[in-house]
Amino acid sequence: MKILIIGGNGTIGKKVSNHFSKKHEVLIAGRNSGDVTVDIAASQSIENMFESVGNVDAVVCIAGEAKWAHFDSMTEEDFYIGLKNKLMGQVNLVRIGQKYLNSGGSFTLTTGILADHPVDMTTSPAMVNGAIHSFVKAVSLELKDGIRINVVSSGLVEDSVTKYEDYFPGHNPIPMKKVINGYVKSVEGKGTGEVIRIYDT
Ligand SMILES: NC(=O)c1ccc[n+]([C@@H]2O[C@H](COP(=O)([O-])OP(=O)(O)OC[C@H]3O[C@@H](n4cnc5c(N)ncnc54)[C@H](OP(=O)(O)O)[C@@H]3O)[C@@H](O)[C@H]2O)c1
């Protein structure tokens, strides 16, 4: 399979890319690094990425940001960061990318545990993650040519513990092998419209 991984050089992305590259042709896209650069917050940049890469069998997105802050300090603009980047960035990847997916191909998006188990300061990321879960279920009913779509929602991953553990009191970190397997299940399995939850609550 030819697999395009957006965010494939990130903390989770590099582990997932390394795994898939043992069996598949992997192309990495990122804002500042990779085989091709893209900013998922800009539709034209997504179009340019697909034009340069051509048709693929799987698109995996492991990128997307939203603002973490206390609700009483959040401005309307602060909410638009996550809406434009993590939510519409991934929606637009599917909207534009469906033209570049070979029949029987797949999309795999990324959200996170905050959709189901929010912590302090996460009104925006939790909301965005939940919206993506609903989007994936709905759009899976309409994608044509056997194209599948799933989303991987994991807890705090082992490789990010030192960076984020203070935000996740009492959370059990997810081993990277389990996270990788969420993406493998989506790309190499047959399921569609699934929210692949990898939590240890
Ligand atoms: N880390 C965790 O514990 C965890 C758990 C559950 C869910 N998640 C979610 O998983 C995703 C990846 O997390 P991570 O910790 O691996 O992040 P990370 O280490 O910051 O890596 C993110 C990657 O995505 C790329 N990227 C960021 N914004 C982009 C954009 N607008 N357009 C294109 N590429 C972009 C970055 O490329 P550049 O460096 O070139 O900008 C980078 O390679 C995030 O959505 C996060 O919310 C993370």
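So, with +1 on the Cβ of K and R and -1 on the Cβ of D and E, and no other charges, what is the size of the charge dipole of the chain about its Cα centre, to the nearest 20 debye?
Details: 20 positive and 22 negative charges, 158 e Å.
So the dipole magnitude of the chain works out to roughly 760 debye.
Here the Karplus relation 6.51 cos²θ - 1.76 cosθ + 1.60, evaluated at θ = phi - 60°, turns the backbone of the stretch 35-50 into coupling constants of 6, 8, 9, 8, 10, 5, 6, 10, 4, 4, 5, 5, 4, 4, 4, 5 Hz, with x for every Gly and Pro. In this simple spin-label approximation, residue 1 and residue 65 carry label points 7 Å from Cα along the Cα→Cβ vector, and these lie 2.9 nm apart. For residue 11 and residue 172, the FRET efficiency from 1/(1 + (r/R0)^6), where r spans their Cβ atoms and R0 equals 25 Å, is about 0.90. Applying 0.36 nm per residue to the separation of residue 77 and residue 121 and subtracting their alpha-carbon distance, the gain on full extension is 14.3 nm. On the basis of the beta-carbon distance and an R0 of 45 Å, residue 181 and residue 43 show a calculated FRET efficiency of 0.90.
Normalised radius of gyration (Cα atoms, divided by 2.2 N^0.38 Å) for the stretch 1-153: 1.02. Less than 5 angstrom separates the built amide H of residue 157 from those of 174, all sequence-distant by 5 or more or on a different chain.
The angle between the Cα long axis of helix 11-21 and the longest principal axis of the Cα atoms of the chain comes to about 30 degrees, rounded to the nearest 10.
In straight-distance terms, cross-link reach from residue 178 covers every one of the lysines whose alpha-carbon lies under 23 Å from its own, apart from those fewer than eight places away in the same chain; here that gives 2, 14, 15, 22, 23, 86, 137, 163, 190.
Taking the average, over residues, of other Cβ atoms within 10 Å as the packing measure, peptides 54-60, 186-192 rank 54-60, 186-192 from highest down. Based on Cα atoms of the stretch 95-201, Rg over Rh with Rh as the Kirkwood radius reads 1.01.
Which value at 222 nm does the chain reach when only helices count, each DSSP H run of 4 or more adding -39,500 (n - 2.57), with the total divided by all residues and rounded to the nearest 500 deg cm²/dmol?
-11000 deg cm²/dmol
No lab work stands behind these numbers, since they all come straight from the coordinates. Predicted model only: the values in this text are computed from it and were never measured. With ideal geometry, Cβ positions are generated from the backbone for all residues, glycine too; neighbour counts draw on all protein chains shown.
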